[in-house]
Amino acid sequence: MLKLTAADASLVIDPDNGGRVVSLTVDGLRLLRTPDDDPGGGHWGSFVMAPWPGRTRRGRFTFDGVAHQLEINSGDHSIHGTVRARPWKVDHADQRQVRMGCDFGPAWPFPGWAGQHITLHDDRVDLELSLHATDGRMPAAGGWHPWWQRRLDRGEPAALELPAASMYVRDADGIAVPETVPPPPGPWDDCFTDLSGPPILRWPGALELAVESDCPCVVVYDQPVEAICVEPQSAPPDVLNHDPAVAEPGQPVVVHSTWRFRT
């Protein structure tokens, strides 16, 4: 485990378990669900989704005229990439930041790797995700999947401010398609775009946290009573079957997010 500290904030990372952020504590408050909240499960912390986020329909896609089949690991579909359960190699770590990398492994049909740079400041966490191709072109998309606590040790339950003008339609398979509508009332398990500002989680009487990002999409999963997921993504789910960004050797796809908090 790696621990970063800054002022009254601390952040713990487990490189061996998908490079996952295990916990974020601010002013004595645990903002993310931890392994103790979901023993034996994966609904805790924050993990990287790469080289694709969300579901790929039936694990199938075609790139540069070649058809590919991914591992099926979510019903009939493939979900959240390949690096969330792989060990990450730490290249640098100190009190405030860590850099680490992870190859995509045999479940991804293109040679490549993901890089993470995480920096803890007094008032925020800066996250950078880079997706690298090492031998030719490959489709590339990614993002972060944090499990925020619905309730903290003090204050009221979390409320989400989501300044999104559009939401992707989901079809009978529950997968987003390239059609958008104005967002209906929640709860949601949906992908939003046309954001006019960052989503903001507010725990009245305790703390607020803005999820800033240069990603054009954010998935919100707020159906569980114990958690709210606010997931910046560089593309909507099933992007491998639509119009993915392309990484080439020396030209990675790079995205950023910042968790900005204040009590």
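The values are calculated or read from the model by the stated rules, or taken from the named source; none is laboratory data. Keep in mind that this is a model prediction, so the values were computed, not measured. Don't worry about glycine lacking a Cβ; one is built from the backbone with ideal geometry, like all the others, and counts go over all protein chains shown.
If you check every pair at least six apart or on different chains, which have Cβ atoms under 9 Å apart with a residue in region 243-263 that is under 29 Å from Thr62 (Cβ atoms) and at pLDDT below 95 first and a residue that is β-branched (Val, Ile, Thr) and surrounded by 15 or more Cβ atoms within 10 Å (Cβ to Cβ) second?
Taking only residues 6 or more apart or on different chains, not a single pair turns up.
Examine region 166-175 for a residue that is farther than 29 Å from Leu24 by Cβ, of a type in the set (A, V, I, L, M, F, W, C) and touching a strand residue (DSSP E or B) at 6+ places or on another chain (Cβ under 6 Å), and state whether such a residue exists.
Yes, the conditions are met somewhere in region 166-175.
So if I check each of Leu240, Leu160, Leu207, which one is more than 16 Å from the chain's Cα centre (by Cα) and within 24 Å of Arg137 (Cβ to Cβ)? Full working, then the answer.
Values: Leu160 fails: within 24 Å of Arg137 (Cβ to Cβ); Leu207 fails: within 24 Å of Arg137 (Cβ to Cβ).
Result of the check over Leu240, Leu160, Leu207: Leu240.
Just checking, how many residues over region 27-78 are more than 23 Å from Gln149 (Cβ to Cβ) and either crowded, with 18+ Cβ neighbours inside 10 Å or not β-branched (Val, Ile, Thr) (or both)?
The qualifying residues number 24.
Yes or no: Val125 under 17 Å from the mean Cα position of the chain (by Cα), in a loop (DSSP other than H, G, I, E, B) and buried (at least 20 other Cβ atoms within 10 Å of the Cβ)?
no
Looking at His68, His77, His43 in this structure, which one is within 30 Å of Leu152 (Cβ to Cβ), in contact with a helix residue (DSSP H, G or I) (Cβ under 9 Å, 6 or more places away or on another chain) and touching a residue at least 40 places away in the same chain (Cβ under 8 Å)? Before the answer, list the steps.
Numbers: His68 fails: within 30 Å of Leu152 (Cβ to Cβ); His77 fails: within 30 Å of Leu152 (Cβ to Cβ).
Just one listed residue meets the conditions, His43.
Take Trp113 and decide whether it is among the aromatic types (Phe, Trp, Tyr) and farther than 25 Å from Thr62 by Cα.
no
Which one of Glu212, Glu179, Glu208, Glu226 is at pLDDT 95 or above and under 27 Å from Ala114 (Cβ atoms)? Give the derivation first.
Working: Glu179 fails: under 27 Å from Ala114 (Cβ atoms); Glu208 fails: under 27 Å from Ala114 (Cβ atoms); Glu226 fails: under 27 Å from Ala114 (Cβ atoms).
Only one candidate qualifies: Glu212.
Between Gly18, Gly40, which is modelled with pLDDT under 95, out of contact with any Ser or Thr (no Cβ under 8 Å at 6 or more places or on another chain) and on the phi > 0 side of the Ramachandran plot?
That would be Gly40, the only listed residue that is modelled with pLDDT under 95, out of contact with any Ser or Thr (no Cβ under 8 Å at 6 or more places or on another chain) and on the phi > 0 side of the Ramachandran plot.
Looking only at region 14-37, which residues are touching a residue at least 60 places away in the same chain (Cβ under 8 Å) and among the acidic types (Asp, Glu)?
The answer is Asp16, Asp27, Asp37.
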